[in-house]
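Asks: Let me give you the structure first, and then I'll get to my questions.
No value in this document is a laboratory result; all are computed from the given coordinates. A quick note: this is a predicted structure, and the numbers were derived from the prediction, not measured. With ideal geometry, Cβ positions are generated from the backbone for all residues, glycine too; neighbour counts draw on all protein chains shown.
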Amino acid sequence: MPVVLISGGTGLIGTALAHHLIERDYDIVILSRKKNLSSVNPKITYSYWNVGEKIIDAEVVKKADHIIHLAGAGVMDKKWTDDYKKKILESRTKSAELIISCLKENDHNVKTFVSASAIGWYGEDAKPLERKEGFIESDLPSNDFLGETCLLWESSTEPVLANGIRLVKLRTGIALSNNGGAFKEYKTPLNFGLATILGSGKQIVSWIHIDDLCRMYCTAIEDIYLRGSYNAVAPEPVSQKKLILTLGQRMRNKFFIPVYVPSFILKLIFGKRSIELLKSATVSNKKIKASGFTFLFPSIESAVDELITNSRKKE
């Protein structure tokens, strides 16, 4: 069976993606910073690597047919100190460089390299919005921290092209999943009847259901015509307020209280990271749709309904 090598495979997206790949009958090797990991699923194996010490098993790289690069420190996990900002960047770029260096030094079977990126590339919506559909892939990166990070992140993957490997970069929006990330944080206050709206709530959130995101990664390795950058976002970006109220209505019908969290409170709690909570980013997915990709969850209502229904089935 074809082998997919995944960096960052134990994170939110990687864990969900592994299940989708197994359903398509791929064998999976996950690069992990922990030694001697094993899986109960015979189609998943682990391989130790250490980016700082430049340790990677060349044999597993040589056996891979496709590589999916998801590795990277969580952007919202810790305060943006100079040291942590450096970690955010280098955990993405140095890991890509290590994999690509191994490819250059060895014979291999790799046909496709798919790298995560983020809509942080674009920065904030212009006022008024210059294009109704929002940011498109040809737009220049923002000159803020995340824009510069995404530029260097994507640039670090470009050398695979010299090896004749097809490169796809997915600029991902807010991935909605019951298993972590922003959606889980949105749900927590609603367990107590509170719908927390951040700032004015008018900021646009470009989101994607985790299943559609995983399907897009699978399409990226299977569709040989996909090349370059694509926005991995659903067709209908929504305001943060609409997202939260839709979630509240699905979880609690009418029995919840909207609570606005002022911007200054968010700035006190999150510091510079609050920029990402309050930023409005309308991002277009016309390019990936034009390739023939279809969304199972095109609207926020369909996405929230599936996630809440699925969550209740597991309770």
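Asks: Can you pull a Stokes-Einstein diffusion coefficient for region 27-71 at 20 °C (1.002 mPa s), Rh from Kirkwood over Cα pairs, as a whole number of µm²/s? Intermediate results must be reported in sequence, preceding the final value.
Replies: On the way: Rh = 11.2 Å.
D = 191 µm²/s.
Asks: Still on this structure: Using a Gaussian network for the chain with springs between C-alpha atoms less than 10 Å apart, which of these wobbles most: S156, S91, S38?
Replies: Checking each option, the largest mean-square fluctuation is seen for S38.
Asks: A follow-up question, please. Considering every pair of different Cα atoms, what Kirkwood radius, in Å, is found for region 264-315?
Replies: Working: mean 1/r = 0.0694 Å⁻¹.
Value: 14.4 Å, from the Cα pair sum.
Asks: Further question on the same structure: Run through the DSSP bridge list for the chain and note the antiparallel percent, rounded to the nearest 5. All intermediate terms of the calculation are to be shown ahead of the outcome.
Replies: Working: 4 of 43 bridges.
Beta bridges within the chain, antiparallel portion: roughly 10 percent.
Asks: Moving to a separate point now. With Cβ to Cβ distances under 9 Å as the rule, what net charge do the other residues near L21 carry (K, R +1; D, E -1)?
Replies: Working: positive: R24, K43; negative: E23, D25, D27.
Taking every other residue near L21 into account, the sum is -1.
Asks: Quick query: amide H of I257 versus all other amide H atoms, modeled in the peptide plane; which residues come in under 5 Å with a sequence gap of 5 or more or a different chain?
Replies: Here the answer is L194, A195, since their amide H atoms fall under 5 Å of that of I257.
Asks: Below 15 angstrom from the Cβ of T81, what's the summed charge of the other residues (Lys, Arg +1; Asp, Glu -1)? Provide the component values of the computation, followed by the final result.
Replies: Details: positive: K78, K79, K85, K86, K87, K272, R273; negative: D77, D82, D83, E90.
Every neighbour counted, the sum reads +3.
Asks: What residue among V60, V29, V168 has the largest mean-square fluctuation in a Gaussian network model of the chain, using Cα springs under 10 Å?
Replies: Answer for the Gaussian network model of the chain: V60.
Asks: So if the hydrodynamic radius of region 1-94 is defined as the Kirkwood radius over C-alpha pairs, what does Stokes-Einstein give as its diffusion coefficient at 37 °C and 0.692 mPa s, in µm² per second?
Replies: On the way: Rh = 14.0 Å.
Calculated translational D: 234 µm²/s.
Asks: What size of dipole, in debye to the nearest 20, comes out for region 69-126 about its Cα centre when the only charges are +1 on Lys and Arg C-beta atoms and -1 on Asp and Glu C-beta atoms? Please report the intermediate quantities before stating the final value.
Replies: Details: 9 positive and 9 negative charges, 26 e Å.
The calculation lands at about 120 debye.
Asks: For region 3-314, what's the relative contact order in percent, using C-alpha pairs closer than 8 Å and at least 6 residues apart?
Replies: On the way: 557 pairs, mean separation 53.8, N = 312.
RCO, region 3-314: 17 percent.
Asks: On to the next question. So who's got an amide H within less than 5 Å of the one on L176, skipping anything under 5 residues away but keeping other chains? H placed 1.01 Å off N, in plane.
Replies: Amide H neighbours of L176: I208, H209, I210.
Asks: Helix-only estimate, please: 222 nm mean residue ellipticity of the chain, summing -39500 (n - 2.57) across DSSP H runs of length 4 or more and dividing by its residues, to the nearest 500. Kindly include the intermediate steps, with their values, before the conclusion.
Replies: Working: 11 runs with 122 residues, N = 315.
One gets -12000 deg cm²/dmol as the mean residue ellipticity at 222 nm.
Asks: Name the long-range amide H neighbours of I68: under 5 Å, sequence gap of 5 or more, or other chain; modelled H, no Pro or chain starts.
Replies: Placed amide hydrogens put L5, I6, S7, V114 under 5 Å from I68.
Asks: Cβ under 15 Å from K35's Cβ, K35 left aside: what net charge do those residues give with Lys, Arg +1 and Asp, Glu -1? All intermediate terms of the calculation are to be shown ahead of the outcome.
Replies: On the way: positive: R33, K34; negative: E53, D57.
Once positives and negatives cancel, what remains is 0.
Asks: Also, I was wondering about something else. Treating the chain as a set of equal point scatterers at the Cα positions, no solvent, please give the Debye-formula log₁₀ I(q)/I(0) at q = 0.09, 0.15 Å⁻¹.
Replies: At q = 0.09, 0.15 Å⁻¹ the computed log10 ratios are -0.46, -1.29.
Asks: For region 86-201, which semi-axes, largest first and in whole Å, follow from the square roots of 5 times the eigenvalues of its Cα gyration tensor?
Replies: Details: eigenvalues 219, 77, 33 Å².
Semi-axes from the Cα gyration tensor: 33, 20, 13 Å.
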